[in-house]
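First comes the structure, then the notes that go with it.
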Amino acid sequence: MDQAVAAIAFVVLGLGLIVAAVLEHSVGGAPAAHEVDGWVAPRRTRIAWIDELLVILSVVAIVGVVAAWRTMSPVGLGTALAAVLTVVAAAVAIATSALHGRLVYRIGSLDGAGDAARITLIVSAFYSALHVVALLEAVALVCLGLDARDLLGPPFAIASFLAAAVCVALSYAYLMPTWVGLALMAGVAGWCGWFAAELAGWPPGV
């Protein structure tokens, strides 16, 4: 059961990351200073979906990590650190969603997207938090990759290190065209699919 849950969770996570990146591409990324006024209204539905996906994918990641830990148990130090860092990153992402949601969800008469200063603060905090999440995942992937050399083989270890490098690049997604972010996210999704396949065939070599 744990094995199936872990594999399915990482497949869903990979697909969800691509959907989120496509939505981000359609939104156009962070607005320029002169675009803030009126930026939310034509994008409200897509921003809302990004906000919901942030929570859903964070929960899926936690479920996948816990199930993977149980499947691979006993795990090495690197894998344990990767799991803990991923849970921390997911917690940061969920907290970020609570702030990001203020762009599209009103609290009573309070409208977070009511003026340019609020939008600037929320969007800046959103991308700053995602910067932290991506860097945490980069460290997690390095930790997992160190264990994976012996556990899953050098090719998967190298893929994990490459995925870590991609996460570092994604931490600066607000500086790059959204199509580049989409391409990089597809690489991370590919890693998720590979890990799901490894978990589905656990233990290795059997």
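The values are calculated or read from the model by the stated rules, or taken from the named source; none is laboratory data. Quantities reported herein were computed from a predicted structural model and do not represent experimental measurements. Glycine gets a Cβ as well: all are built from the backbone with ideal geometry, and neighbour counts include every protein chain shown. Only protein heavy atoms, including side chains, enter the accessible area calculation; ligands, DNA and RNA are left aside. Shrake-Rupley method; radii C 1.70, N 1.55, O 1.52, S 1.80 Å.
Using a 1.4 Å probe on the protein heavy atoms, what percent of the accessible area of region 1-78 belongs to carbon and sulfur?
Details: 2830 of 4020 Å².
Solvent-exposed carbon and sulfur of region 1-78 make up 70 percent of the total.
Picking from VAL19, HIS100, PRO177, whose Cα lies most toward the positive end of the charge dipole for the chain (charges on Cβ: Lys, Arg +1; Asp, Glu -1)?
Value: HIS100.
Averaged over every viewing direction, what's the projected area of the C-alpha convex hull for region 37-146? Give it in nm², one decimal, please. Please report the intermediate quantities before stating the final value.
Details: hull surface 29.5 nm².
Average projection, Cα convex hull of region 37-146: 7.4 nm².
Ranked highest first by average number of other Cβ atoms within 10 Å, how do 96-109, 28-41 line up? Intermediate values should be presented prior to the final figure.
Details: 96-109: 16.1, 28-41: 13.9.
The peptides rank, most packed first, as 96-109, 28-41.
Average the reciprocal distances over every distinct pair of alpha-carbons in region 13-97, invert the result, and give the Kirkwood radius in Å. Spell out each step's value before the answer.
Working: mean 1/r = 0.0684 Å⁻¹.
Kirkwood hydrodynamic radius for region 13-97: 14.6 Å.
Taking the dipole about the Cα centre of region 56-162, with the C-beta of Lys and Arg at +1 and of Asp and Glu at -1, give me whichever of ILE56, GLY76, LEU152 is farthest to the positive side.
Highest projection toward the positive end goes to ILE56.
Can you give the calculated 222 nm mean residue ellipticity of the chain, where each DSSP H run of n ≥ 4 adds -39,500 (n - 2.57) and the sum is split over every residue, rounded to the nearest 500 deg cm²/dmol? Please list the in-between numbers first.
Numbers: 6 runs with 155 residues, N = 206.
My calculation for the chain gives -27000 deg cm²/dmol from helical runs alone.
Roughly speaking, what is the centre-to-centre gap between region 125-167 and region 73-88 when only Cα atoms are used, to the nearest Å?
So the two Cα centres are separated by 12 Å.
Just one of (1) 73, 39, 25; (2) 58, 32, 23; (3) 61, 48, 27 is Cα extents along the principal axes in Å as worked out from the coordinates here. Which one is it?
Computing Cα extents along the principal axes in Å and matching it to (1) 73, 39, 25; (2) 58, 32, 23; (3) 61, 48, 27 gives (2).
What is the magnitude of the charge dipole of the chain about its Cα centre, with +1 placed on the Cβ of each Lys and Arg, -1 on the Cβ of each Asp and Glu, and no other charges, expressed in debye to the nearest 20?
Values: 8 positive and 12 negative charges, 36 e Å.
It comes to approximately 180 debye.
Give me the 1.4 Å probe accessible area per residue for the chain, excluding ligands and nucleic acids, in Å². Please report the intermediate quantities before stating the final value.
Numbers: 10040 Å² over 206 residues.
Roughly 49 Å² per residue, with all protein chains present.
When the chain is fully extended, how far beyond the present Cα-Cα distance does TRP49 get from ALA197, taking 0.36 nm per residue of separation? Kindly include the intermediate steps, with their values, before the conclusion.
On the way: separation 148, 0.36 × 148 = 53.28 nm, distance 2.80 nm.
Gain on extension, TRP49 to ALA197, equals 50.5 nm.
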